Structures are given as C-alpha cells and as structure tokens.
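Chemist: Okay, handing you the structure first.
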Amino acid sequence: VQLQAFGGGLVQAGDSLRLSCVASGRAFNIYAVGWFRQAPGQAREFLAVISMAGTNTFYGDSVKGRFTITRDNAKNTAYLEMNNLQPGDTAVYYCAADPTYKNYKHDPGGMDYWGKGTQVTVSS
C-alpha cells in the first residue's frame with residue numbers, strides 16, 4: 001500500500017486543521033492506520049491509530065482530547081482532525097499503515113508502510 005499525507009500548513013495557535021492520508025494499492029481496509037509526528041531534533045511521536053473498520057482507536061497522551069482520527073474506507077482515506085493547535089504541535093506529520101492494530105505508543109516505528117510527511121507549523 002502507498003500512502004500520502006495532505007493538509008499541512010501554517011496556522012495560528014488555537015486554530016484547527018485536518019490532515020488526510022490517501023492510500024493506493026492493496027485493499028485499504030486490511031490495514032490499521034496511524035498518525036505520527038517528528039519535530040526537529042526530537043524522536044518520532046505516536047499520535048493516534050485506528051482499527052481496520054474504524055471502530056477502535058488509541059491516542060497518544062499529548063493529543064488525547066484534542067486530536068481525532070477517523071477513516072473512510074470507501075475513499076481509501078484516513079483523517080486526523082487537530083483542534084486547539086499550539087506551537088508545540090509544530091512538526092512533520094506522517095501517516096502509516098500496518099496489518100496489526102495495536103497501541104503504537106511504545107513502538108513509534110513499528111508500522112510497515114509510511115507516507116511522505118506533511119509540515120504543520122503553528123505560530124504563537
């Protein structure tokens with residue numbers, strides 16, 4: 001499966017943004033989809049993962065309650081809705097897919113397929 005993340009940009013603190021992850025290739029609905037981010041000089045951080053049917057999710061502690069992951073298998077797309085963005089959310093955001101649905105909090109590099117990232121910059 002090939003993945004591409006879209007929707008990044010420059011926003012102000014308190015704004016919202018929705019990222020999209022569009023998949024092509026093998027059947028999208030056999031993969032869990034995750035979102036991760038990496039800021040300069042920092043380790044990759046797990047943000048959220050959604051199960052194959054979209055019925056279950058896990059979230060990273062830093063985004064729980066602010067970010068929401070969803071998916072539309074008919075459109076081969078997953079989304080990350082981000083609310084109340086803060087300068088600390090500035091990073092390159094990546095989507096990834098894997099046949100295993102689990103909490104990737106302690107395994108941020110564990111998904112098999114990765115898309116190119118999209119930059120999110122939050123100004124104060």
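The values are calculated or read from the model by the stated rules, or taken from the named source; none is laboratory data. Please read all numbers here as calculations on a predicted model, not as lab measurements. Every residue, glycine among them, receives a Cβ derived from its backbone with ideal geometry; neighbour counts consider all protein chains shown. Surface accessibility is based on the protein's heavy atoms, side chains included, excluding ligands, DNA and RNA. Shrake-Rupley method; radii C 1.70, N 1.55, O 1.52, S 1.80 Å.
Chemist: With the structure loaded, tell me whether GLY54 is modelled with pLDDT of 95 or more, part of a loop (DSSP other than H, G, I, E, B), open to solvent by less than 60 Å² (accessible area, probe 1.4 Å) and on the phi > 0 side of the Ramachandran plot or whether it fails that test.
Modeler: Yes: the conditions hold for GLY54.
Chemist: Hey, among the residues in segment 58-86 that are aliphatic (A, V, I, L, M) and open to solvent by less than 60 Å² (accessible area, probe 1.4 Å), which one's nearest to LYS102 (Cα to Cα)?
Modeler: Among residues in segment 58-86 that are aliphatic (A, V, I, L, M) and open to solvent by less than 60 Å² (accessible area, probe 1.4 Å), the one nearest to LYS102 (Cα to Cα) is ILE69.
Chemist: Here is a further query. Hey, can you tell me all the residues within segment 7-51 that are modelled with pLDDT under 95 and part of a strand (DSSP E or B)?
Modeler: SER24
Chemist: Considering every residue within segment 89-103, establish whether at least one is free of Cβ contacts under 8 Å to residues at least 24 places away in the same chain and either open to solvent by less than 70 Å² (accessible area, probe 1.4 Å) or hydrophobic (A, V, I, L, M, F, W, C) (or both).
Modeler: No: zero hits.
Chemist: Filter segment 64-92 for residues that are closer than 18 Å to GLY117 by Cβ and within 11 Å of the chain's Cα centre (by Cα) and give the result.
Modeler: PHE67, ILE69, ALA78, TYR79, LEU80, GLU81, MET82, VAL92
Chemist: Based on this model, can you work out whether PHE6 counts as crowded, with 23+ Cβ neighbours inside 10 Å and either under 16 Å from VAL92 (Cα atoms) or of a type outside the set (Asp, Glu) (or both)?
Modeler: no
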